[in-house]
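Notes to accompany the following structure.
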There are 2 protein chains.
Amino acid sequence: MRSVEWQENALSLIDQRELPWQLTRISLTTYEETAAAITNMAVRGAPAIGAAAAFGMVLAANQFDTTDITTLRQQLTDAGSHLKQSRPTAVNLMWAVDRMLKLVDDPAFDDADSLRKMLLVEAQHIADEDVVTNKTMGKHGAALIRDGDTILHHCNTGALATVDYGTALGVIRTAHEQGTQFHVLLDETRPRLQGARLSAWELMQLGASFDIIPDTAAGHYMSRGEITLVLFGADRIAANGDVANKIGSYQIAVLARENGIPCYSVAPTSTVDLSLATGAEIPIEERDPDEVRAPFGNPIVPDDYPARNPAFDVTPHRYLSGIITEKGIVLPPFDENLSRAILGKEPDA
Amino acid sequence: MRSVEWQENALSLIDQRELPWQLTRISLTTYEETAAAITNMAVRGAPAIGAAAAFGMVLAANQFDTTDITTLRQQLTDAGSHLKQSRPTAVNLMWAVDRMLKLVDDPAFDDADSLRKMLLVEAQHIADEDVVTNKTMGKHGAALIRDGDTILHHCNTGALATVDYGTALGVIRTAHEQGTQFHVLLDETRPRLQGARLSAWELMQLGASFDIIPDTAAGHYMSRGEITLVLFGADRIAANGDVANKIGSYQIAVLARENGIPCYSVAPTSTVDLSLATGAEIPIEERDPDEVRAPFGNPIVPDDYPARNPAFDVTPHRYLSGIITEKGIVLPPFDENLSRAILGKEPDA
């Protein structure tokens, strides 16, 4: 069962807000519902929201019943803009919508119904490719995991955060399936607790060995020599290898380097945004402070207490040992090696 | 109103588990109840539990109705052992009980009732001294705070964590009372959320400017240049200046140094344990994982999900700019300067 899939002319998603308590799916029939599900984090994880937005474009094409191709193209361009605004940081969302819009603008499709059919084919491609990509990353990354390792993992990067299988948690899953014996410490990942709720739920299904820890304890276990590898995902990677990822990733990368522990970001190359020179240019989403004040509706402080809730941070590339992609493990210098991995050539001088 | 005080032959405490929702006091009449209140964190904060344990010794003296001084001394020694075991990391607890036991063993008091009276006087001394000490630390530390600063603070170190006024939060309070204009970012401090619940409540009372942030966001704000000073308390300080404090302190100290931000621990000299050469010898309490799984009774994951819950960590002295004590700001090299501040002489060679 995929986290994001097309079922009976609708977009079917696992509602990630309900886990680990219940595994429920929601079915969306409009692109506006899709954008709302991305904003309210019913679906989350950079690759998952990319695929969801691609299917959102299919829903939009079905909502607009015009037979005029020019009108349909304009309507789909507007729907794409709406979807892109649902969350600002993860670039896979923009990447997937742009890939769908490339088809919309392709003069080869000159009637509306052909375009509608091709959009569904393309969204299915994006979803299928994501699974293949993740399994490939899993194989590349699993080579880094040895018997006896204890891996620190942040947020959720598993099957739930993707169409299926996962990025950083996919690497862990591959190593587990290969029979490597290791333990995982899962940062709970406040405020939305994706590590405690979602990654723990996934590792329970796999039967992998883990403990949930508060985010405050990650450095403690590193300083005691209890962590041998750090893995997390990415929501956007700049051309120089700076990685925007879930808030708290920067901290554990700094602590890993301070303690001599290898630290890798795991992400498909669709997460790399070569248009941005450095991570300083990546927009950081600031979410509702109620997510801090009242996690999942349980208030920890009164609602007039001031709070801030940045959803992502930027890890400068110098703290990363490498970036695990479907094209292999990209090592420093990232500015050269990311371009080479993606474009097959050196970056422009 | 003090957090810890003697009222009508009983120990009166603010029940810190009920804040910020309600300000309630509990009244304890036995040393066993006192030990339980320390273990279950109705009272917490190194100086507060020291004072509470001192009054616990007074309660013990009143519980044992013997007139035989030798019997009473033995009973009080046993009660002291019981109290010392209520929490393992903060040394102020041991320091306060040992100070009471010194009186118990003093041959100058040769009848039971005199000893009982002197124990109450001594516990009151400990409590009163704590307030004076905190205000003195506040003055020393406030000199470091300038208009426009943004201070990162971890856990709760305020009036609630002490008899009154606070240690690190006492420094912040002094600067606020002096009219310095600054902002405070309060780490929420999972798992027990002392920053969000208790420090925020205290700063609301003071009318100081603050925001609660998830522990995951501290490094983000440092990397953006938004934090100019880091302050936290201490539960035990080794002779070389290594500081055991609430879990998460080590992380922010490393991040502060990485970002060139001054970082100070604020603690009375009763927190220094010269018998321990380094922080590696400080016992770290591991608490019930239910505090991680179900904060204040609200489960975030099922109770069979494995979790770990270390209550403290150790910050190696090299990450600290100084230690703010009632005897002044102790600067590196801490091994020499802590001994000099406490003993008034150089450490033994």
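Of the numbered conditions (1) facing chain B (nearest Cβ under 8 Å); (2) part of a helix (DSSP H, G or I), A:ALA280 satisfies every one except a single condition; which is it?
Going through (1) facing chain B (nearest Cβ under 8 Å); (2) part of a helix (DSSP H, G or I) one by one, A:ALA280 breaks only (1).
Would you pick out the residues in region A:282-294 that are over 19 Å from the mean Cα position of the chain (by Cα) and not aliphatic (A, V, I, L, M)?
Listed by number, the residues that qualify are A:ASP288, A:PRO289, A:ASP290, A:GLU291, A:ARG293.
A quick yes/no check of all residues on (1) surrounded by fewer than 24 Cβ atoms within 10 Å (Cβ to Cβ); (2) without any contact (Cβ under 8 Å) to a residue 60 or more places away in the chain:
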position: B:LEU93; (1), (2): no, yes
position: B:ALA96; (1), (2): no, no
position: B:SER114; (1), (2): yes, yes
position: B:GLU129; (1), (2): yes, yes
position: B:THR150; (1), (2): yes, no
position: B:LEU160; (1), (2): no, no
position: B:THR167; (1), (2): no, no
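If we keep just the residues of region B:249-269 that are in contact with a Gly (Cβ under 7 Å, 6 or more places away or on another chain) and not in a strand (DSSP E or B), which is farthest from the other protein chains (Cβ to nearest Cβ)?
The extreme case among them is B:ALA267.
For a quick check of your reading: which strands (runs of 3 or more DSSP E) sit entirely within region B:286-330 and have at least 1 residues that are touching a residue at least 12 places away in the same chain (Cβ under 8 Å) and facing another protein chain (nearest Cβ under 8 Å)? First the steps, then the outcome.
Values: elements: B:312-315, B:322-325, B:328-330.
Passing ranges, in order: B:312-315.
Give the number of residues within region A:197-228 that are open to solvent by 10 Å² or more (accessible area, probe 1.4 Å) and small (Gly, Ala, Ser).
Looking only at that region, the number is 5.
Among the residues in region A:176-185, are any among the hydrophobic types (A, V, I, L, M, F, W, C) and more than 14 Å from chain B (Cβ to nearest Cβ)?
Yes, the conditions are met somewhere in region A:176-185.
Name, by its number, the condition in (1) touching a strand residue (DSSP E or B) at 6+ places or on another chain (Cβ under 9 Å); (2) crowded, with 22+ Cβ neighbours inside 10 Å that does not hold for B:SER270.
(1)
Among (1) surrounded by fewer than 24 Cβ atoms within 10 Å (Cβ to Cβ); (2) within 30 Å of B:LEU343 (Cβ to Cβ); (3) of a type outside the set (Ser, Thr, Tyr), which single condition is B:ALA234 missing?
The single condition B:ALA234 does not satisfy is (1).
Restricting attention to region B:39-75, report how many residues are in contact with a Leu (Cβ under 7 Å, 6 or more places away or on another chain) and closer than 22 Å to B:ARG116 by Cβ.
Number of matching residues: 14.
Condition test on B:VAL171, is it in contact with a Gly (Cβ under 6 Å, 6 or more places away or on another chain) and open to solvent by less than 10 Å² (accessible area, probe 1.4 Å)? Walk me through how you get there before you give the answer.
Working: in contact with a Gly (Cβ under 6 Å, 6 or more places away or on another chain): yes; open to solvent by less than 10 Å² (accessible area, probe 1.4 Å): yes.
For B:VAL171, the condition - in contact with a Gly (Cβ under 6 Å, 6 or more places away or on another chain) and open to solvent by less than 10 Å² (accessible area, probe 1.4 Å) - is met.
Being over 21 Å from A:GLN124 (Cβ atoms) and touching a residue at least 40 places away in the same chain (Cβ under 8 Å) is the filter here, so list the residues in region A:18-43 that pass it.
The answer is A:LEU19, A:PRO20, A:GLU32, A:ALA36, A:THR39, A:MET41.
The values are calculated or read from the model by the stated rules, or taken from the named source; none is laboratory data. Computed from a predicted structure; not experimentally measured. Here Cβ is always computed from backbone atoms with ideal geometry, including for glycine, and neighbour counts include all displayed protein chains. Ligands, DNA and RNA are excluded from the accessible area calculation, which covers all protein heavy atoms including side chains. Shrake-Rupley method; radii C 1.70, N 1.55, O 1.52, S 1.80 Å.
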